[in-house]
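Asker: Attaching a single structure in structure tokens format; questions to follow.
Rule-based calculations on the coordinates, nothing more; no lab input. Quick caveat, the model's predicted, so the values are computed rather than measured. Note that each Cβ is placed from the backbone with ideal geometry, even for glycine, and that neighbours are counted across all protein chains shown.
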Amino acid sequence: MTLRAPCSLAAWSPHAIATLAAALCGWSTSPAWAAPAAPTASRAAVRHDSAPDVVLYGRRDDVVAFARQAAEQRGFDADWAIAQLAQARYQPSVARLVMPAATPSAKNWAAYRERFIEPQRIQAGLRWWQANEVWLQQAQARWGVPAEMVVAIVGVETFYGRIRGNFKVIDALATLAFDFPSGRSDRSGFYRAELEAFLHWCATEGRDPQAVKGSYAGAMGLPQFMPSTLLRYAVDFDADGHIDLDQSAADTVGSIAHYFAQFGWEQGLPTHYGVRPPEDAADRAVLLAPDIVPSFTTAQFAERGALLDDAGRRHNGPLALVQLFNGDAPPSYVAGTRNFYVVTRYNWSSYYALAVIELARALKQMRPEADAPRPVPPPEPAQAGSQLPPAASQSQP
């Protein structure tokens, strides 16, 4: 390793001096009490000089200023917020995971589908549906969102609680808020808003910010809500005085159904129809231009040479031509309705949306018919209030 000294010794940090001494003299910078590394273990990759040290954020001026401003805007205690952020650690793994792949693979709907529409997830979903049937019926009665759609969201997001993420949410959000990695568009502002919402939620619910775990992007609980999404859309569906998306299936069910309803879910409307895309590339490009936003009538589809199935031709409302790539194979196409678009508001990906929809269909088809328990009308759910814009789930194909 080449060591390049700064012009003056005064410019060296204590950490840098220790590292230089270790390199020149063969000293170890590990504490005396640290267990020796196994002889066969490989060395950790050398981090770039510009990367923040893996230490507590402490009383960094920008962190303190953020805490004070957030406390003033949200009404929680500034000293408490400063103390919590002082314990947050920069996480290099979070900074790595948020970056796009160095060699991105081609999108492949068939391969993506196989990850979610598979026997183990379907069986787990059927069990989760049966265990929470009463809440699912109540949510469907209140918001018009089919039970299978709610169950499928939980299945795709966390495999019914098996995969929730093991990052401290305060560490993940602080890393992305204060030290967002270079090399991609800067989203530090988004994560600062999420960190503020997270602190607000912890203060309101009496949660220990150091104990909350989630994804590398800060998504939490069975439905993997971002903090601002939780504040704005989560509901206390079991009316116990708390919104708990980790342990309460009732709150999870109600919150997902409420989220869909708030984004315009229309009861009884299909999510999509079968379609054969136009053969002419120019016509196909016109229909694909709005992406997943429903923008064309059935007549406009026909004018451009897109052939809808029988149900699609009877549809009354706008449609979107949705293209899903299959690697080297020809793409797949569906004609998405407003409800398809609603599913993409949970995660802004047509691949994600169709995976949820197809898992929901598989669950409904495989669910044994039984006399369902009569739903008891639930109490009016308490909703957490927030003026922050919604944040999508962070799962990506």
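Asker: Mind listing the long-range amide H neighbours of residue 167? Cut-off is under 5 Å, sequence gap 5 or more, other chains count too, H placed in the peptide plane at 1.01 Å from N.
Answerer: Here the answer is 214, since their amide H atoms fall under 5 Å of that of residue 167.
Asker: Considering segment 200-304, what Rg and Dmax in Å follow from its alpha-carbon atoms?
Answerer: Cα-based Rg and Dmax for segment 200-304 come out at 20.2, 59 Å.
Asker: Please sort by residue number the GluC sites (Glu not before Pro) in segment 170-273 whose DSSP state is loop and whose Cβ has at most 16 other Cβ atoms within 10 Å. Walk me through the intermediate numbers first.
Answerer: Numbers: sites: 194, 196, 205, 266; in loops: 266.
Hits after loop and neighbour filter: 266.
Asker: Let me ask something else about it. Just to be sure I follow: if Rg is taken over the C-alpha atoms of segment 114-170 and Rh is the Kirkwood radius over the same atoms, what is Rg/Rh? Walk me through the intermediate numbers first.
Answerer: Working: Rg = 12.7 Å, Rh = 12.2 Å.
The Rg/Rh ratio comes out at 1.04.
Asker: Give the Rg (one decimal place) followed by the Dmax (whole number) of segment 104-221, computed from C-alpha coordinates and expressed in Å.
Answerer: 17.6, 48
Asker: Same structure again: For residue 163 and residue 77, compute 0.36 nm times the residue count separating them, minus their Cα-Cα distance, and round to one decimal in nm. Please list the in-between numbers first.
Answerer: On the way: separation 86, 0.36 × 86 = 30.96 nm, distance 3.29 nm.
Between residue 163 and residue 77, full extension yields 27.7 nm more.
Asker: Test of the criteria: in segment 226-314, which trypsin sites (Lys or Arg not before Pro) are in a DSSP loop and have at most 10 other Cβ atoms within 10 angstrom of their Cβ?
Answerer: Values: sites: 232, 284, 304, 313, 314; in loops: 304, 314.
The qualifying sites are 314.
Asker: Based on alpha-carbon centroids, what's the gap between segment 257-295 and segment 73-89 in Å, whole number please?
Answerer: 43 Å
Asker: ³J(HN,Hα) across segment 326-338 via Karplus (A = 6.51, B = -1.76, C = 1.60, θ = phi - 60°), whole Hz, x for Gly/Pro?
Answerer: Going residue by residue, I get 10, x, 7, 7, x, x, 9, 9, 9, 9, x, 8, 4 Hz, with x marking Gly and Pro.
Asker: Could you tell me the convex hull volume per residue, in Å³, taken over the Cα atoms of segment 268-361?
Answerer: On the way: hull volume 9.5 nm³, N = 94.
Considering the Cα atoms of segment 268-361, their hull volume per residue is 101 Å³.
Asker: Amide H of residue 237: which non-local residues (sequence gap of 5 or more, or other chain) have their own amide H closer than 5 Å, using H built in the peptide plane?
Answerer: 251
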